[in-house]
Each structure stands twice: as structure tokens, then as C-alpha cells.
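Since the structure comes first, as C-alpha cells, the remarks are kept for the end.
The values are calculated or read from the model by the stated rules, or taken from the named source; none is laboratory data. Because the structure is predicted, anything quoted here is derived from the model rather than measured. No Cβ is skipped: glycine too gets one built from the backbone with ideal geometry, and neighbour counts run over all protein chains shown.
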Amino acid sequence: MLPTAPAEITVDDDPLFSSYRNVPWLARTHAVTTVPSAAALRTLRQLPAGKPSRKELVAFGDPYFSKEQEAEAEADAKVQVADARGNTTRGLPLKRRSSPKLDGVDSAELAMLPRLPDTAEELKSIALALQADPSKVLNLGKQASEQTVKTMELSGFKVLAFATHGLVPGELNGLSQPALALSSPAVTGDEGDGLLTMEEILELKLDADWVVLSACNTGAGAGAGAEAASGLGRAFFYAGTRALLVTNWSVHSQSARQLVTDLFKRQADDPKLTRGEALRQAMMALVDGPGFAGSDGKTEFTYAHPLFWAPYSIIGDGGVR
């Protein structure tokens with residue numbers, strides 16, 4: 001989100017954050033990607049093209065971390081069906097995606113993680129952008145399980161998307177390596193701990209152009225001085241993906257859905273568009289777009305603030321489709 005020249009922000013913007021559109025962000029002119037090393041980039045560029053028989057997408061999101069969350073989801077589904085107006089909006093406009101609140105907790109378990117129901121809509125939007133049938137490619141709720149991931153033939157997909165919590169060592173009791181949180185064995189009845197750890201990711205066999213880690217702090221380093229790519233990112237990289245899309249902080253749900261959907265729609269519409277350029281264009285479209293509209297249709301705030309568009313990073317090869 002680096003500005004390339006001095007700029008001033010208006011404190012009384014109407015709508016809020018609109019003056020951020022005038023900042024000369026680096027992303028206005030350059031697509032930026034991250035690679036672990038020059039050697040890694042060379043290796044990626046030498047990889048053979050993915051198999052043409054691959055399907056577009058497989059995705060995992062909105063896992064249930066406890067039986068109580070499963071019951072809550074079932075109750076919510078009944079309420080949504082009963083609401084003829086489709087009025088299912090929750091929370092305040094500036095509410096960002098829930099992140100684990102585990103600081104100071106002596107012994108944190110999987111059931112303490114907050115559910116992420118909005119991720120289901122984000123994944124559905126990605127599926128539609130890629131012209132994939134959501135009913136066939138999305139594994140939501142109980143199906144977003146460790147067992148499902150480890151037993152599925154994942155090498156048959158161009159894009160893998162995980163919309164859940166990314167955890168670093170120590171965030172949960174006994175967690176010694178980075179992991180993705182999936183549905184609890186108490187819900188699924190499966191063996192395992194409900195965590196897809198770095199070690200387990202390394203054992204996956206992928207042939208993916210993208211792995212999307214649309215979760216809280218999946219791009220964060222595991223400690224002071226750590227490189228930008230977390231252990232999660234590196235594990236997927238070595239399992240066989242050409243690029244990762246990660247988030248560096250907790251995102252705002254509506255803008256996240258809009259940006260990621262736009263990214264994949266742009267690539268679907270233009271076969272020559274590179275990953276890095278597709279992300280850059282989607283970011284700037286969010287900055288210049290109408291923003292968040294209230295119930296009266298009036299824009300309450302724009303998405304021009306870096307809070308909304310800057311958390312996304314490409315790790316790997318962003319220079320090819």
C-alpha cells in the first residue's frame with residue numbers, strides 16, 4: 001500500500017475515506033508479488049503447465065468448531081428460509097471478519113474459535129465467477145473437514161480456496177506448527193483434531209494455479225523477523241501450487257467478497273491477464289468503486305482506505321496466469 005508521493009487526507013470526508021482515492025498508491029501503477037527466493041521463482045517458471053483436464057475450483061469454508069455452532073447454523077438456516085425478503089444482513093457496517101481472541105487464555109481449544117458464516121457467501125461468489133456450480137465445488141460447514149481435504153484428489157483442481165482461520169503456533173493448546181482450522185471432530189465424527197497443519201499440507205498432492213487462503217493473518221510471519229510467507233504458505237507452495245493469495249490482517253467481509261470475486265472474474269474474462277495484474281486491477285476497482293451502501297442505498301463509506309484492499313498478497317509466481 002506504499003504511496004509513491006506525498007499526499008494529504010481530508011478528515012471530514014463525505015462519504016468516509018473518499019479522499020484516499022487521491023493518494024498515489026504504488027498499486028496504481030505496479031503489480032506486486034512476493035517470492036521466497038530468486039531460486040524459487042526460477043523453479044516455478046520451470047514447472048510444466050497444469051493438466052488441461054483439471055476442474056476450476058474446490059473450496060472449503062464456514063467450518064463448525066463445535067456442536068453449538070452447528071446447531072446455530074441450522075437455526076439460522078430456518079430463519080433465512082422464513083424471511084421472504086431475504087434480509088439476512090448481520091452486524092455493523094465496519095465489522096471485520098472475526099479473528100480468534102485468545103490472548104491471555106491459558107488453554108485454548110478448537111471450540112473457542114469464532115465461526116465465520118460470511119465466508120460461505122464469499123466462496124459462492126468465487127464459484128460463480130469461475131462458472132462453477134457452487135453445489136458441487138463448495139465444502140461448507142460439516143463438510144469443511146480435515147478428513148475431506150486429506151482424502152480428496154486435490155490435484156484435479158486449478159483453484160483451491162480455504163476460507164477459515166489461519167493459526168500460528170501456540171494459538172491453540174498443543175499447536176506447535178501453523179494450521180488451518182476446519183470442522184471439529186465432535187461435529188464430523190471423524191478422527192483427527194480438526195486442524196490441517198503445515199506437516200499435513202506438505203503431504204498433499206496439488207497441481208494448482210492458485211491456493212486462496214481467505215482467512216485471518218494467513219500471510220503473517222510466525223514471529224519477529226519472520227519472512228512474509230507463513231509456514232502455511234510455504235507448505236502449500238511445496239505441495240504443488242504456483243501461487244497463493246493470502247491476507248495479512250482480518251478483512252471486512254463485504255469488501256473481501258467483492259475483491260476476490262472480481263479478481264477471478266477478471267482472469268476468467270481475459271486469459272492473458274497475469275495473476276499479479278488481476279489482483280492490482282481488482283484492488284484499484286475496489287478503491288474507485290461505490291463502497292458500502294446502507295439500507296437507504298446511500299454510500300456510508302468507500303473502500304478506498306487500505307484497510308479494505310491492501311491486506312491481500314500474492315506469494316509465488318504472479319507473472320503468469
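What to note about this one:
- Residues that are crowded, with 24+ Cβ neighbours inside 10 Å and at pLDDT 90 or above within the stretch 242-255 comprise Ala243, Leu244, Leu245, listed in sequence order.
- Answer from Gly291, Gly319 - the residue that is buried (at least 18 other Cβ atoms within 10 Å of the Cβ) and either at pLDDT below 95 or more than 16 Å from the chain's Cα centre (by Cα) (or both): Gly291
- Filtered by the rule that a residue be within 17 Å of the chain's Cα centre (by Cα) and either over 20 Å from Thr247 (Cβ atoms) or part of a strand (DSSP E or B) (or both), the stretch 170-182 gives Ala179, Leu180, Ala181.
- Qualifying residue in the stretch 65-78 (condition: in contact with an Asp or Glu (Cβ under 8 Å, 6 or more places away or on another chain), modelled with pLDDT of 80 or more and part of a loop (DSSP other than H, G, I, E, B)): no
- Top-ranked residue in the stretch 189-205 [being in contact with a helix residue (DSSP H, G or I) (Cβ under 6 Å, 6 or more places away or on another chain) and either in contact (Cβ under 8 Å) with a residue 40 or more places away in the chain or of a type outside the set (A, V, I, L, M) (or both); ranked as surrounded by the fewest Cβ atoms within 10 Å (Cβ to Cβ)]: Lys205
- A single entry from Leu279, Leu273, Leu259 fulfils the requirement of being surrounded by fewer than 18 Cβ atoms within 10 Å (Cβ to Cβ) and either among the aliphatic types (A, V, I, L, M) or in contact with a Cys (Cβ under 7 Å, 6 or more places away or on another chain) (or both): Leu273.
Listed here are the residues, each with its yes/no results for (1) among the charged types (D, E, K, R); (2) surrounded by 19 or more Cβ atoms within 10 Å (Cβ to Cβ); (3) closer than 17 Å to Ser66 by Cα; (4) modelled with pLDDT under 55.
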| position | (1), (2), (3), (4) |
| --- | --- |
| Ser98 | no, no, yes, no |
| Leu102 | no, no, yes, yes |
| Val105 | no, no, no, yes |
| Ala111 | no, no, yes, no |
| Pro114 | no, no, yes, no |
| Leu123 | no, yes, no, no |
| Ile126 | no, yes, no, no |
| Gln131 | no, no, no, no |
| Pro134 | no, no, no, no |
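- Residues in the stretch 148-169 that are of a type in the set (A, V, I, L, M, F, W, C), farther than 10 Å from Leu180 by Cβ and not in a strand (DSSP E or B): Met152, Leu154, Val168.
- Which numbered condition Leu206 misses (of (1) in contact with a strand residue (DSSP E or B) (Cβ under 6 Å, 6 or more places away or on another chain); (2) at pLDDT below 90; (3) assigned to a loop (DSSP other than H, G, I, E, B)): (2)
- Residue match in the stretch 151-173 (condition: modelled with pLDDT of 95 or more, in contact with a Pro (Cβ under 9 Å, 6 or more places away or on another chain) and among the small types (Gly, Ala, Ser)): no
- Candidate set from the stretch 255-310 (those that are in contact (Cβ under 8 Å) with a residue 24 or more places away in the chain and of a type in the set (S, T, N, Q)); member that is nearest to Thr33 (Cα to Cα): Thr274
- Some residue of the stretch 20-32 being exposed (fewer than 13 other Cβ atoms within 10 Å of the Cβ) and within 23 Å of the chain's Cα centre (by Cα): yes
- Residues (out of contact with any strand residue (DSSP E or B) (no Cβ under 9 Å at 6 or more places or on another chain) and surrounded by fewer than 19 Cβ atoms within 10 Å (Cβ to Cβ)) located in the stretch 174-188: Gly174, Pro185, Ala186
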